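Working notes for the structure below.
The values are calculated or read from the model by the stated rules, or taken from the named source; none is laboratory data. This one's a predicted model, so the numbers in the text were calculated from it and none came from an experiment. Cβ sites come from the backbone with ideal geometry, for glycine too, and all protein chains shown count toward neighbours. The accessibility values were calculated without ligands, DNA or RNA, using every heavy atom of the protein model including side chains. Shrake-Rupley method; radii C 1.70, N 1.55, O 1.52, S 1.80 Å.
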Amino acid sequence: MDLWTKKAQIMGMLSIDTIKRLIPSSELTPEDWERKFPPRPLPAGAEVTRFAPSPTGYVHIGGILVSLISESVAHQSGGVFILRVEDTDRERFVEDAVDQLGRALEFFGIKPDEAGSTGLYGPYQQSERQSIYDSYIFDLLKRDRAYPCFCTKDELAEMSKVQSSKGVDTGYWGEWARCRNLPEATVTQRLDAGDPYVIRFRSPEFTGKRIRYHDLIRGPLEKEDNRNDAVIRKTTGLPTYHFAHPVDDHLMRVTIMIRADEWLSSIPLHLQLFEALGFPLPRYAHIAPLLKSDGRSKRKLSKRNDPEAAVDFYVRAGYPAEGVLVYLRGLANSRLLDGVPKEVLSAPLLLEDCSRGGQLVDIAKLDHVCREVIAEMTSDEIADRILTWAEQFDPPLAQLIREDRQAIINALVIHQLPPTGPRKEIAKWSDFRDKAGFLVAPLFEPVTDPADPRFAPVAAELVSKLAKRLADSYRHDAPPPDEWFAQIRESGVALGFAATAREYKNNPQLPGSIKEAANIIRVLLTGRTTSPELYPVTRTLGESEVLRRLRAVR
C-alpha cells in the first residue's frame with residue numbers, strides 16, 4: 001500500500017485509484033497547464049478581458065454592451081480582448097447560436113484579438129477544454145476539496161421541498177449534503193453499480209461570516225459567505241460555469257472579468273473556488289442590467305418577453321450599426337449620450353464611468369440617435385446601406401434599387417434640400433418605404449377615394465373637382481416656386497376656396513382656405529398630410545407621375 005493510500009484511509013479521503021475511476025481522462029497536471037499557458041508578455045498596466053457568451057439562444061443586446069466595454073478596456077490599455085464560448089450547457093445549447101454570435105459581432109464591428117483558432121491560449125470553446133478541467137478537478141479530489149455525489153434529480157427535488165417546508169435555505173449544504181462524507185467503500189460500490197454521479201466542490205465549513213469584496217464598478221461589496229457544495233462537474237463530464245470560468249480566466253491570464261450583474265450573487269462561491277484552486281483572487285466588474293419601462297416601474301429587459309432584447313431585432317429593422325453602437329456606448333457612459341456620433345464612437349469606455357444602476361433602453365432615443373447618424377451620410381451611402389439590408393430582408397426593394405438606383409437617390413436627396421435641410425426622418429433602413437418611398441413610383445399606391453379621411457374637412461365631391469381641374473390645367477414647367485404654386489391657388493379659388501387664411505376666417509361658410517386646397521394636392525402626390533415642399537416633390541416625381549397621381553382619385 002503506497003503512502004498516499006495510507007494517508008487517504010486515515011483521513012477519510014479517496015484513494016488515487018478511486019479518483020482515477022471518477023476522472024479517467026486526466027493525464028496532465030495543473031502544473032503542466034501552467035507551463036503551457038504562462039503569464040502573457042504584456043506591458044505594465046495592460047488589461048486582458050473577455051466576452052464569454054453562452055450559446056443557449058439569441059445574442060442579447062446586453063451582451064454586445066458587455067463586449068464593447070471589455071474590448072475598450074483591453075485595447076485602451078494595450079492589452080488583449082478574448083472571445084470565449086461557454087458551451088458546456090448542452091441541454092440548452094442552440095445549434096445556430098455560435099454562428100449567430102459571429103454575425104452579431106461582425107455586424108457591430110467587434111473584433112476579438114483571440115477567438116476560435118486564433119491565439120495561443122485556446123481552445124476558446126469550453127467544450128474543447130475538458131481535459132484541462134479534469135486535471136484541476138482531479139487535483140481537488142486528491143486534496144479532498146471535492147467529492148462525488150450520487151444523488152438523483154428526484155432526490156434533490158424532494159430535499160428542496162423539505163428544506164422549504166422547514167424554512168431553511170435550499171441547497172446542498174450541512175446535514176443536507178448527503179454524499180459529502182461517503183466512505184470510499186460506498187463510493188466504489190456505487191461506481192461498480194454504474195450509478196451516475198457529479199463532482200461537487202467541498203465548500204469550507206460554514207461559519208456564518210460575511211465576505212467583503214471590491215467590485216471595479218460597484219465598489220465595496222459585502223455578502224454572506226457561500227455554504228453550498230456546488231456541482232463543478234456534471235454527469236456528462238463537462239464542467240459547470242462556476243468551475244470552468246475560474247480555470248479559463250486564470251489560464252488565459254484574464255486580468256478583469258467584466259460580466260453581467262446576474263452573477264453578483266455567485267461571488268462568494270467563485271472566490272472560494274479561486275482560493276481552492278490556488279489562483280490569485282479575481283478582479284470583477286459587474287455591468288448594470290438593461291431595463292425597460294413597464295407602466296410606472298422598470299424591469300430588466302427580458303429575452304423571453306421583449307423583442308428589443310435580441311440583436312436580431314436591430315439587424316432585421318435595419319438600424320445602422322454605428323447608430324446602435326453610439327446609443328449603447330451612451331448607456332455605458334451617460335455623458336456620451338448627447339455627444340457627436342463620431343466622437344462617441346471613438347471615446348474610451350472606462351469602468352469608473354459605468355453606471356451602478358440599470359440603464360433604460362429607450363427605442364425613441366435610439367431612433368433619434370440613428371437619425372442623427374444617417375443624416376451625416378450621403379444619399380449614395382444611404383442607398384448602398386438600404387440595398388445591403390434589403391437584399392436579406394426586403395428583396396423586392398433590393399430589386400428596385402438595382403433596377404433604378406437613381407430613383408432611390410432622388411427620393412433621398414429631397415430630404416436634404418433647403419429650407420429645412422436634412423429632415424432626419426429615417427432612423428433605420430426599413431423606414432425608407434414609409435418615409436421616402438412615396439417619392440418612388442413603384443412604391444406608391446395612388447389615393448383613389450375622394451372621401452379619404454386625409455382630405456378632411458373638405459367634401460369628397462370638391463376633392464375630385466380640385467384634382468381634375470389642376471390636372472387639366474397643370475403646367476409642370478411653371479417657374480418655381482410661386483408661379484408653380486399659384487396653379488393650386490387658382491384652381492382652389494375657382495372652386496370656392498378662400499385665397500387666404502384671413503379671408504376664410506371672415507367667411508367660414510367657404511369650403512376652406514388655400515391651406516385645405518394645398519393639403520388635398522399634398523395627399524394626392526405624397527399620400528401624407530406632411531411632406532417636403534411640393535415643388536421639389538414634383539421635380540422628383542416628373543410630370544407624368546404627377547398627373548397619374550392627380551387623376552387617380554375617382
| said: Using a 1.4 angstrom probe on the protein heavy atoms only, could you order HIS368, HIS250, HIS286 from most to least accessible area? | reply: HIS368, HIS250, HIS286
| request: Mind giving me the nanometre distance, one decimal, between the label points for ARG180 and TRP263, set 7 Å out from Cα along Cα→Cβ? | output: 2.6
| note | Which residues qualify? For ALA285, with a placed amide H closer than 5 Å and at least 5 residues away or on another chain, they are LEU216, MET257, ILE258, ARG259
| query | What accessible area, in Å² to the nearest ten, does a 1.4 Å probe give for GLU158? | reply | 100
| task | Return a whole-number percent for the relative contact order of region 413-508, with Cα pairs under 8 Å and 6 or more residues apart as the contact set. | result | 12
| Cut-off under 5 Å, modelled amide H: who pairs with ILE232 long-range | ILE199, ARG200, PHE201
| In whole Hz, what ³J(HN,Hα) sequence does region 431-439 give by Karplus (6.51, -1.76, 1.60; θ = phi - 60°), x for Gly and Pro? | 6, 4, 4, 7, 8, 9, x, 5, 8
| said: Strictly over 23 Å apart at the Cα level, which of LYS298/LYS365; LYS300/LYS435; LYS161/LYS209 would you flag in this model? | reply: LYS300/LYS435; LYS161/LYS209
| message | Which order do you get for ASP394, ASP249 if you rank them by accessible area with a 1.4 Å probe, largest at the top? | response | ASP394, ASP249
| field | Estimated distance in nm for a label pair at ASP17 and GLN189, the labels positioned 7 Å out from Cα along Cα-to-Cβ | value | 1.8
| request: Let me know the shape class of region 134-223, please: from the alpha-carbon gyration tensor, a ≥ b ≥ c as square roots of the eigenvalues, rounded when a/c is under 1.5, otherwise prolate if a/b is greater than b/c, or oblate. | output: oblate
| said: Just to be sure I understand the model, the point goes 7 Å from the Cα along the line to the Cβ. What's the resulting ALA494 to ALA451 distance in nm? | reply: 2.7
| request: Could you go through region 510-516 in sequence order and give the Karplus-derived ³J(HN,Hα) for each residue, using 6.51 cos²θ - 1.76 cosθ + 1.60 with θ = phi - 60°, rounded to whole Hz, and x for Gly and Pro? | output: 5, x, x, 9, 4, 4, 5
| region 1-153, relative contact order [Cα under 8 Å, separation at least 6], % | 29
| Given a 1.4 Å probe, how much area per residue of region 284-365 is accessible, in Å²? | 49
| Full-stretch length increase - PHE313, LYS298 - with 0.36 nm per residue and alpha-carbon distance subtracted | 3.3 nm
| said: Please report the equivalent ellipsoid semi-axes of region 315-429, computed as sqrt(5 x eigenvalue) of the Cα gyration tensor, largest first, in whole Å. | reply: 30, 16, 11
| note | Listed by chain and number, the aspartates and glutamates with an alpha carbon less than 19 angstrom from that of LYS292, same-chain partners under 8 positions apart left out, are ASP261, GLU262, ASP306, GLU308, ASP312, ASP362, ASP367
| task | May I ask you to evaluate 6.51 cos²θ - 1.76 cosθ + 1.60, the Karplus curve with θ = phi - 60°, for each residue of region 105-116 and list the ³J(HN,Hα) values in order in whole Hz, giving x for glycine and proline? | result | 5, 5, 4, 8, x, 8, 10, x, 6, 9, 5, x
| note | Per residue, the convex hull enclosing the alpha carbons of the chain has a volume in Å³ of 215
| message | For LEU221, what residues show an amide H to amide H distance below 5 Å, using hydrogens built from the backbone and excluding near sequence neighbours? | response | TYR213, HIS214, ASP215
| remark: Length gained, ARG210-ARG90, 0.36 nm per residue minus C-alpha separation, equals 39.8 nm
| Share of the chain's accessible area from carbon and sulfur, percent, 1.4 Å? | 51
| note | Taking the chain and a Cβ-Cβ threshold of 4.7 Å, the cysteines left without a partner are CYS151, CYS354, CYS370
| remark: For the chain, the longest principal axis of the Cα atoms and the Cα long axis of helix 321-332 enclose an angle in degrees, to the nearest 10, of 60
| query | What per residue convex hull volume, in Å³, do the alpha-carbon atoms of region 437-488 yield? | reply | 115
| message | Let me check I've understood the local charge: for GLY78, count other residues with C-beta under 12 angstrom from its C-beta, Lys and Arg +1, Asp and Glu -1. What total comes out? | response | -1
| remark: Per the Kirkwood formula over distinct C-alpha pairs, the hydrodynamic radius of region 265-371 in angstrom is 16.0
| task | Work out how much length PHE393 to GLN406 would gain on full extension: take 0.36 nm times their residue separation and subtract the Cα-Cα distance, in nm to one decimal. | result | 2.6 nm
| message | So, taking all protein chains as they sit and a 1.4 Å probe, how much accessible area belongs to THR118, in Å² rounded to tens? | response | 80
| said: Can you tell me the convex hull volume per residue for region 7-153, based on C-alpha atoms, in Å³ to the nearest whole number? | reply: 157
| request: For region 292-350, state what percent of all Cα-Cα pairs lands in each successive 10 Å bin, counting from 0 Å until the bin that includes the largest distance. | output: 21, 38, 36, 4
| Could you give the semi-axes, largest first, of the ellipsoid that matches region 93-156, computed as the square roots of 5 times the alpha carbon gyration tensor eigenvalues and rounded to whole Å? | 34, 19, 8
| message | Defining a contact as two alpha carbons under 8 Å apart and six or more residues distant in sequence, what relative contact order in percent does the chain show? | response | 11
| message | Solvent-accessible area of THR186, probe 1.4 Å, all protein chains present, reported in Å² to the nearest ten, please. | response | 40
| said: In 10 Å bins starting at zero, report the fraction of Cα pairs in region 370-502 per bin as a rounded %. | reply: 11, 30, 28, 24, 7, 0
